[in-house]
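> I am attaching a structure below and will ask some questions about it afterwards.
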Amino acid sequence: MNFNILIVDDEKNIREGLGRSLEMDGYNILLAGDGKEGLEVVNSSDIDLVVSDLKMPKMSGEELLKKITASYPTVPVIILTGHGTIESAVNAMRDGAFDFLTKPVNLDRLSLLVRRALSNRQLVLQHRELQDEIDKLSKRNRFSSIIGKSAPMRKVLDIVEQVAGTKASVLITGESGVGKELIADAIHNLSMRKEKKMVEVHCAALAESLLESELFGHEKGSFTGAIARKRGRFEVSDGGTIFLDEIGEISPQVQVKLLRVLQEKKFERVGGEETIEVDIRILSATNKNLKEETEKGNFREDLFYRLNVVNIHVPPLRERKEDIELLAAAFIKEFSEENGKEIQGIDQKARLALYNYNWPGNIRELRNCLESAVVMCKGSIITINDMPSSVGSGSDMDSIKISIGSSMEKAEKEIIKATLFHENGNKTRTAEILGIGRKTLHRKLNEYSLNDGE
């Protein structure tokens, strides 16, 4: 990344000398003779770092610093000062300066400070790029709440778009925490029923005695406590969609009535004789293997086939690690706004900890991890120390784990994926580290469906 550095000093020899030194480090240099001119450059150019003298005519370094931190809070400022004004430089640090140097400037010390300041700046810019990518993906895919560009998630979203406009029942499978309810929301919101309700029922959260009444309603006096007629969730969702989460938990008695609704679109309230007809679409989800449950006799085979007209399997987070950065950026933004914080990014060790962790709780666990990190973060950049100990402890940040018995293909894919993540998506640098040509890397990325299409 080519960074633009602005040097502001009223002494021509100093600003030009510093400029030549930093140009030798590979930076693009812009020069200004006073604070007023410097502010004009900042306002008109894309500046990544400012190195400014403290005492200057027209506009002082203190005033320039205040204006930059007010309008461009993520642009770091390094202050230059004479020995007689060190107290003012310390005050500038309180006003938001990244650091200060005394004159005559030690060029090695300046080079080190610039690298440190731009390291944080790079994290901020990467975080912004991720936010922009999230917005673009959302517009392109029409899924505002589903974040992912990995091959497994692209496959899932393709199926969602294909089935959304149909009347087919959909069974959404996957581990706890992968976001099955978000897939159900997307199917409903892209369907012809989107103007109607999608009624959600968490089957595992209701006792067996209550679930039947909750789904089908009941008549007054049909059981103790039934003091009035109640419409069930199927009746309420007429014309729309009903989402039955954890469908594998329902009892055999409810399974029979549910099968009838699927076959005939009819049911009776508990304790009632009136037959109610409904026009609904049924979406269901489970973290169980319902095929195995049917073989064990725990779930009706005919009901399973009625629910499973289309199956959408949502992959666990460990199988879509390319999406971790995007998900993390989205959660950081959400929780920063929620908690009144200004988190600008996440450092390399913390990023690698997120990548190396296996996420048994999937996206739900990642979300909780980032909420904790945002709350615990004392600065603007999340570090490994802000993470829950379970995520970062005991893991080597510069290594990956490949299980014994893995195929060479799987091992190679994991090494390429981890190296690309480590290098922030820089394919040239990734190819250099792996000792292969850039064309070979592109071929491997396409072969393993790791290419994001850029």
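> Taking segment 311-321, which residues are part of a helix (DSSP H, G or I) and either surrounded by fewer than 21 Cβ atoms within 10 Å (Cβ to Cβ) or of a type in the set (Val, Ile, Thr) (or both)? Don't jump to the end; show me each part of the working.
Our first condition is that a residue be part of a helix (DSSP H, G or I); within segment 311-321, this holds for 317-319, 321.
Arg318, Glu319, Lys321 - these are the residues of segment 311-321 that are part of a helix (DSSP H, G or I) and either surrounded by fewer than 21 Cβ atoms within 10 Å (Cβ to Cβ) or of a type in the set (Val, Ile, Thr) (or both).
> Taking the condition in contact with a strand residue (DSSP E or B) (Cβ under 7 Å, 6 or more places away or on another chain), assigned to a loop (DSSP other than H, G, I, E, B) and not polar (S, T, N, Q), does Ile282 pass?
Working: in contact with a strand residue (DSSP E or B) (Cβ under 7 Å, 6 or more places away or on another chain): yes; assigned to a loop (DSSP other than H, G, I, E, B): no; not polar (S, T, N, Q): yes.
No.
> Let me ask something else about it. Would you call Ser213 under 29 Å from the mean Cα position of the chain (by Cα) and touching a residue at least 40 places away in the same chain (Cβ under 8 Å)? Don't jump to the end; show me each part of the working.
Values: under 29 Å from the mean Cα position of the chain (by Cα): no; touching a residue at least 40 places away in the same chain (Cβ under 8 Å): yes.
So Ser213 does not fit the description; no.
> What is the one condition in (1) more than 15 Å from Leu130 (Cβ to Cβ); (2) at pLDDT 90 or above; (3) of a type in the set (D, E, K, R) that Lys349 does not satisfy?
(2)
> For residues in segment 15-54 being in a loop (DSSP other than H, G, I, E, B) and either outside the structural domain of Ser88 (by TED's automatic domain parsing) or surrounded by 16 or more Cβ atoms within 10 Å (Cβ to Cβ) (or both), which is modelled with the lowest pLDDT? First the steps, then the outcome.
Within segment 15-54, the first condition is being in a loop (DSSP other than H, G, I, E, B), and the residues that meet it are 25-27, 33-34, 45-48, 54.
Right, trim to either outside the structural domain of Ser88 (by TED's automatic domain parsing) or surrounded by 16 or more Cβ atoms within 10 Å (Cβ to Cβ) (or both) and you get 27, 33-34, 47-48, 54.
Numbers: Tyr27: 92, Gly33: 91, Asp34: 90, Ile47: 93, Asp48: 92, Leu54: 87.
Here the residue is Leu54.
> Does segment 64-97 hold any residues that are of a type outside the set (S, T, N, Q), under 12 Å from Leu49 (Cα atoms) and in a helix (DSSP H, G or I), and which are they? Show your work before the answer.
Going residue by residue through segment 64-97, those that are of a type outside the set (S, T, N, Q) are 64-68, 70, 72-73, 75-80, 82-84, 86-87, 89-90, 92-97.
Then keep just the ones that are under 12 Å from Leu49 (Cα atoms); that gives 65, 68, 72-73, 75-79, 97.
Hits for segment 64-97 are Leu65, Ile68.
> Where residues in segment 295-310 are part of a loop (DSSP other than H, G, I, E, B) and not charged (D, E, K, R), which of them is surrounded by the most Cβ atoms within 10 Å (Cβ to Cβ)?
Here is the first cut: in segment 295-310, the ones part of a loop (DSSP other than H, G, I, E, B) are 297-300, 308-309.
Adding the requirement that they be not charged (D, E, K, R) leaves 297-299, 308-309.
On the way: Gly297: 9, Asn298: 13, Phe299: 23, Asn308: 15, Val309: 15.
Going through the qualifying residues, I end up with Phe299.
> Residue check: is Ile324 more than 30 Å from Glu249 (Cα to Cα), among the β-branched types (Val, Ile, Thr), surrounded by 18 or more Cβ atoms within 10 Å (Cβ to Cβ) and at pLDDT 90 or above? Reasoning before the result, please.
Working: more than 30 Å from Glu249 (Cα to Cα): yes; among the β-branched types (Val, Ile, Thr): yes; surrounded by 18 or more Cβ atoms within 10 Å (Cβ to Cβ): yes; at pLDDT 90 or above: yes.
For Ile324, the condition - more than 30 Å from Glu249 (Cα to Cα), among the β-branched types (Val, Ile, Thr), surrounded by 18 or more Cβ atoms within 10 Å (Cβ to Cβ) and at pLDDT 90 or above - is met.
> If we keep just the residues of segment 143-189 that are of a type in the set (Ser, Thr, Tyr) and over 26 Å from Glu133 (Cα atoms), which is surrounded by the most Cβ atoms within 10 Å (Cβ to Cβ)? Give the derivation first.
So in segment 143-189, the residues of a type in the set (Ser, Thr, Tyr) come out as 144-145, 150, 166, 169, 173, 176.
Within this subset, residues satisfying the condition of being over 26 Å from Glu133 (Cα atoms) are 166, 169, 173, 176.
Details: Thr166: 14, Ser169: 17, Thr173: 20, Ser176: 13.
Taking the candidates together, the pick is Thr173.
> Suppose we filter segment 204-254 for residues that are part of a helix (DSSP H, G or I) and not basic (Lys, Arg); how many remain?
At the first step, the residues of segment 204-254 found to be part of a helix (DSSP H, G or I) are 204-205, 208-216, 233-236, 247-249, 252-254.
Now drop any that are not not basic (Lys, Arg), which leaves 204-205, 208-216, 234-236, 247-249, 252-254.
Counting residues in segment 204-254 that are part of a helix (DSSP H, G or I) and not basic (Lys, Arg) gives 20.
> Here is a further query. Filter the helices (runs of 4 or more DSSP H) completely within segment 98-199 down to those with at least 2 residues that are under 30 Å from Lys55 (Cα atoms) and either modelled with pLDDT of 95 or more or among the hydrophobic types (A, V, I, L, M, F, W, C) (or both).
Where helices (runs of 4 or more DSSP H) fall fully within segment 98-199 and carry at least 2 residues being under 30 Å from Lys55 (Cα atoms) and either modelled with pLDDT of 95 or more or among the hydrophobic types (A, V, I, L, M, F, W, C) (or both), they are 107-141.
> Go over the candidates Ala164, Ala168, Ala186 one by one and state the one that is within 12 Å of Val314 (Cβ to Cβ) and touching a residue at least 24 places away in the same chain (Cβ under 8 Å). Talk me through it step by step, then tell me what you get.
Working: Ala164 fails: within 12 Å of Val314 (Cβ to Cβ); Ala168 fails: within 12 Å of Val314 (Cβ to Cβ).
After ruling out the rest, the residue left standing is Ala186.
The values are calculated or read from the model by the stated rules, or taken from the named source; none is laboratory data. Here the structure is a predicted model, which is why all the values come from computation and not from measurement. Note that each Cβ is placed from the backbone with ideal geometry, even for glycine, and that neighbours are counted across all protein chains shown.
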